[in-house]
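Here the structure comes first, spelled out in structure tokens, and everything after it is commentary.
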Amino acid sequence: MTYKFTFSTNNNTMTGKYYLTVIILLIFVLFGVYPAGRKADRETLNLEEYFSPEEMDFIKANGIKSRDLEPYLKYQKFNVFKYYQYREAREKYNFSYLESLNYVNNPNYYRFYHNPQKALFAGAPHILVNKCYFLSEDYEPEGLVNAREYEIDYIVREGEEIYLKKEVLDSYQKMYDAAKAAGIELMIFSGYRDYEKQSVLYYQVYNQDDSISARPGFSEHQTGLALDISRPGDGLTLLFEQSPSFAWLMANGHKYGFILRFPPGKESITGYSYEPWHFRYVGAIAAEIREKNLTLEEYIFSNMEI
Ligand SMILES: [Zn+2]
């Protein structure tokens, strides 16, 4: 069998074979037949680079395949000895790989005041402080600024200044301006609260009622990222929910990085009854939290390694 190519001026068969080879190779590349090579890589994934000799023994003894381990390898807290627990959680709850990892590694994630841990992501706008994650007595956020430095409305109480982190008030100012332009009234009722003050509230004002007050160290007001917003007539009551201000905040707050932190129907996740006035600055992730109707807890569980 011989090939004759019309573009081969001297009808040279060798040149024809050369071109044919090039064309076939091009077809392979263009149509992605080449991934046979990628598959080979996958099968030769060097597990020894990722696992200790003890872990390798466990993997071999159980016949765990490298392709089953691969989706977990990018996670720092993956523990191969818990492989079967992760797999069970994925199947039972339809979790993603990350969710199964978070679930198994953090059995107390939603168990209030049960073996609590230090706050997650300290220093970041998505820091997690709740009834499972706390701040130490001496934790004071960096960059607190006084609300007086801004052109905004806030409640004035005797001997009580309102402080929040600068990034929060900078963003709040923009939100306030947009609200004002739309004829909407917003007033800050409280911001940063230190451990000491939370202590007084919990023990003396609220009589250790866990449903309405956080224990000292467990209030996210201590992060400098949480604030209570209402209107003077409504105060910190459910009345605020009926106001145009609340409706406006629900429609626009996320554009400025703010989320309603204790929404209705999520009490078993947040640990708090519905508070239409308590907002939390979380930064860029606010949009997704709002869009998917999540709490900060749920967002972190599904998107971040904990
Ligand atoms: Zn609050």
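Which entries of K77/K174; K82/K165; K82/K255; K131/K166; K77/K166 show an alpha-carbon separation above 28 angstrom in the structure shown?
Table pairs above 28 Å Cα-Cα are K77/K174; K82/K165; K82/K255; K77/K166.
What 222 nm value per residue comes from the helices of the chain, counting each DSSP H run with n ≥ 4 as -39,500 (n - 2.57) and dividing by all residues, nearest 500 deg cm²/dmol?
Calculated from helices alone, the mean residue ellipticity at 222 nm is -10000 deg cm²/dmol.
Quote to one decimal, in nm, the extra length available between A284 and L73 on full extension: 0.36 nm per residue of separation minus the C-alpha distance between them.
73.3 nm
In percent, what relative contact order does the range 36-105 have, based on Cα pairs under 8 Å that are 6 or more apart in sequence?
The value is 25 percent.
How large is the Kirkwood hydrodynamic radius of the chain, counting all unique pairs of alpha carbons, in Å?
Averaging 1/r across every pair of different Cα atoms and inverting gives 23.5 Å.
Over all alpha-carbon pairs of the range 36-105, lay out the pair-distance distribution in 5 Å bins, whole %, shortest bin first.
With 5 Å bins starting at 0, P(r) equals 3, 16, 27, 23, 17, 10, 3, 0.
Pick out which of E275, E149, E196 has the largest mean-square fluctuation in a Gaussian network model of the chain, springs linking Cα atoms closer than 10 Å.
Result for the chain, Cα springs under 10 Å: E149 fluctuates most.
Do you know the relative contact order of the range 117-303, to the nearest whole percent, from alpha carbon pairs under 8 angstrom that are 6+ apart?
Reported relative contact order: 21 percent.
Which semi-axis lengths, in whole Å and largest first, follow from the square roots of five times the eigenvalues of the Cα gyration tensor of the range 90-218?
32, 21, 14
Counting pairs of alpha carbon atoms under 8 Å apart in space and at least six apart in sequence, what relative contact order in percent does the range 230-304 give?
29 percent
When the dipole is taken about the Cα centre of the range 36-105, and only Lys, Arg (+1) and Asp, Glu (-1) are charged at their Cβ, what size is it in debye, to the nearest 20?
Computed charge dipole of the range 36-105: roughly 280 debye.
Calculate one ³J(HN,Hα) per residue across the range 294-300 by plugging θ = phi - 60° into the Karplus curve 6.51 cos²θ - 1.76 cosθ + 1.60, and present them in order as whole Hz with x for glycine and proline.
9, 9, 4, 4, 5, 4, 4
What ranking of L236, L294 emerges when the number of other C-beta atoms within 10 Å of each C-beta is taken as an exposure proxy, fewest first?
So the residues, fewest neighbours to most, are L236, L294.
With the dipole of the range 100-228 worked out from charges on the C-beta (+1 for Lys and Arg, -1 for Asp and Glu) around the Cα centre, which of L169, Q117, V129 lies farthest toward the positive end?
In the range 100-228, that residue is Q117.
What length, rounded to one decimal in nm, is gained on full extension from Q85 through to E305, with 0.36 nm per residue of separation minus their alpha-carbon distance?
Gain on stretching Q85 to E305: 77.5 nm.
Read the figures in this text as sums done on the coordinates, not as results from a lab. Just so you know, these numbers come straight off a predicted model, no measurement behind them. For neighbour counting, all protein chains shown are included, and Cβ atoms are generated from backbone atoms with ideal geometry for every residue, glycine included.
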